[in-house]
Amino acid sequence: MATELDVEYVSKLARLNLSPQETKLFQKQLADVLKYAEKLSEVDVTHVEASAHAVPIFNVFRKDEPGKCFTAEEALANAPQKANQLFIVTKVVE
Amino acid sequence: MSEKNLPALTLADLQTRLRKKEVSPREVIESLRTRIQAVEPKIDAYLSIDFDAALKEAEGVDVSLPLGGVPVAVKDIINVKGQPCTCGSKILGDYRSPYDATVIQRLRAAGAVPLGKTNMDEFAMGSSTENSSFKVTKNPWDLSRVPGGSSGGSAAAVAADAAFVALGTDTGGSIRQPASLSGVVGVKPSYGRVSRFGVTAFASSLDQVGPLAKNVRDATMIMKVIAGHDARDSTSLPNPVPDYAQNLGKDLKGIRLGIPKEFRIEGLDPQVKSAVNTAIKQLESLGAQIVDVNLPHTDHGIAVYYFIATAEASANLARFDGVRYGYRAKDPKDLLDHYGRTRGDGFGAEVKRRIILGTYVLSSGYYDAYYVRAQKVRELIRQDYVKAFEKVDVIVSPTSPVPAFKVGERTEDPLAMYLADIFTATGNLAGICGISVPCGLAKVNGSQLPIGLQILGKSLDEARIFQIAYAYEQSTDWHKQRPKV
């Protein structure tokens, strides 16, 4: 696993602006982390199933019963911008 | 006892006094206020404290309830209705919780009073509490050192008698490691044992909520209340909650303690090694039998942990987009600019670093090589523990390879900080339970620094680790040693 991490490109995927200094610093630091993690490629995982959770529970259902939910006021309480009981968002369409 | 000394009481003793009406819940909170005001300027354990709300809640609380009138400090990643919940991040600087997490609902139903939100590494990412956007918490044993992390505020508050007990969260060691470095008891419950509803997600396949306490019995009292199935957390297990205090006081005859040879690592501090070896001999003298076990994939634990935890974090933290809550960048020119600057300005360095790593290991072309491979090695780590637990009841080790380090000592080298989780992270990967109990004091440059003994148990075998931790604790004086703040 050669380190091909391009921090600038990945930061765009992550919708996360970085300063030029941060980009440079992370490039070096994360290259170190990836180098350390190279040893994972030595492990034989041929017949191993990937484990997403340590506790295998699947298909968890509950009864579909109406319950209490937030009022519009509660849902909007932490809104960065709001008006007329609605969130104001950045323009998405031209 | 004067009101001034109340905060030094254990939870069990506090409860006795409350029930005998020797003190009122109001007096308890007032005495804690006095103590917090005295030590907080030195340790900076709390991010916010609403004494008025707590005093109001304490009025008329039923002290016969399991935790009636007991104040509980809460890590600032757990939602308490009406209180801030910053997760240690500027991006949630002005956020106020519109609801209670399930653990808070349960504590309140048991008569406990949430009091104070404790400092933490931003979004629980760190091992020193230095990654908080707001302040650096100091270790009550030596104010030039870190309390551990990420639940460092909770650990420091309990250590300094600025809280009777506190809640933390543990994703790779974030309860046990600060408990170890600050000289208190910390419990990471089995995956699925405690609901995470209302707890801001970091790495959903690893996160658990648990107590930090002055001693083992106090920790069982909190666990009894917060554990159990919750329909609002689909990973929550339906198994009944046992009485965690049932085994306290039982001897250790016939208990098999596993010592993994892979935990004999380079970089283990000699004083930590010596204290843990002494503790193992002590457990042996109490009747336990020592058995060598193998955990052959231990060496890969940190790499696996940092791929899985960052991958999950990169997805979980996508919700911080400045739309419905939290910080929003001013005057964005378009949506990409809105997202990019909101997150770039709102998150701190460690969180950004982990989002980048997590996004990378999930990205097209690298997903199989990094993320899927990490999940497979995770399965091997889990199987290591399953096999070891066929031979032994619990596994013992140091909690942290080193005692508390200096503020600023490791911030430049993220990899060195990540290696602080070497003994704890595989427990999260395997979903098992663990506890850290004080087992010694290292002497470093004139300071005395706590050392922690970790006891790992099978999934849902919390009662067993409490039994062993309690037997050890009661046969030593370490838990009675308190820092002078």
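Here, each number is a calculation from the coordinates, and none is a lab measurement. A quick note: this is a predicted structure, and the numbers were derived from the prediction, not measured. Because the Cβ atoms are built from the backbone with ideal geometry, glycine has one as well, and the counts that use them run over all protein chains shown.
Tabulated data
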{"quantity": "Net charge dipole size for chain B [Lys, Arg +1 and Asp, Glu -1 on Cβ; Debye, nearest 20]", "calculated": "360 debye"}
{"quantity": "Reachable lysines, given that their alpha-carbon falls under 18 Å from the alpha-carbon of B:Lys81 and they are not under 8 places away in the same chain", "calculated": "A:Lys68, B:Lys56, B:Lys117"}
{"quantity": "Lysine pairs within the range B:355-485, Cα separation less than 29 Å, 8 or more sequence positions apart or different chains", "calculated": "11"}
{"quantity": "Calculated [θ] (222 nm, deg cm²/dmol) that DSSP helices of n ≥ 4 give over chain B, each run adding -39,500 (n - 2.57)", "calculated": "-11000 deg cm²/dmol"}
{"quantity": "Cα centroid separation, the range B:202-241 to the range A:23-71 (Å)", "calculated": "21 Å"}
{"quantity": "Value of Rg/Rh across the range B:108-233 [Cα atoms, Kirkwood radius]", "calculated": "0.95"}
{"quantity": "Hydrodynamic radius (Kirkwood) for chain B, which is based on Cα pairs only, to one decimal in Å", "calculated": "22.2 Å"}
{"quantity": "Binned Cα-Cα distance frequencies in the protein assembly as shown - 10 Å width, integer %", "calculated": "4, 18, 29, 28, 15, 5, 1, 0"}
{"quantity": "Mean-position separation - Cα centroids, the range B:12-64 and the range B:165-183, in angstrom", "calculated": "22 Å"}
{"quantity": "Gaussian network model of chain A, Cα within-10 Å springs - most flexible of A:Ala52, A:Ala72, A:Ala31", "calculated": "A:Ala72"}
{"quantity": "Debye-sum result for the range B:387-485 in log10 I(q)/I(0), which assumes one identical scatterer on each alpha carbon, at q = 0.11, 0.12, 0.17, 0.24 Å⁻¹", "calculated": "-0.41, -0.48, -0.88, -1.26"}
{"quantity": "Chain A: mean projected area of Cα convex hull, nm²", "calculated": "13.1 nm²"}
{"quantity": "The range B:385-415 versus the range B:111-156: alpha-carbon centroid distance in Å", "calculated": "18 Å"}
{"quantity": "Most positive-pole-ward Cα, B:Tyr325, B:Ile302, B:Tyr367, against dipole of the range B:299-374 from beta carbon charges", "calculated": "B:Tyr325"}
{"quantity": "Distant-in-sequence amide H partners of B:Leu286 (H built 1.01 Å from N, under 5 Å)", "calculated": "none"}
{"quantity": "Cβ-defined net charge surrounding B:Leu47, 10 Å radius [Lys, Arg +1; Asp, Glu -1]", "calculated": "+1"}
{"quantity": "Percentage relative contact order, chain A, counting C-alpha pairs under 8 Å, at least six apart", "calculated": "17 percent"}
{"quantity": "Under 5 Å, built H, 5+ apart or other chain: amide partners of B:Gln83", "calculated": "B:Ser97"}
{"quantity": "Interchain or long-range residues, amide H under 5 Å from B:Cys439's placed H", "calculated": "B:Ile451, B:Gly452, B:Leu453"}
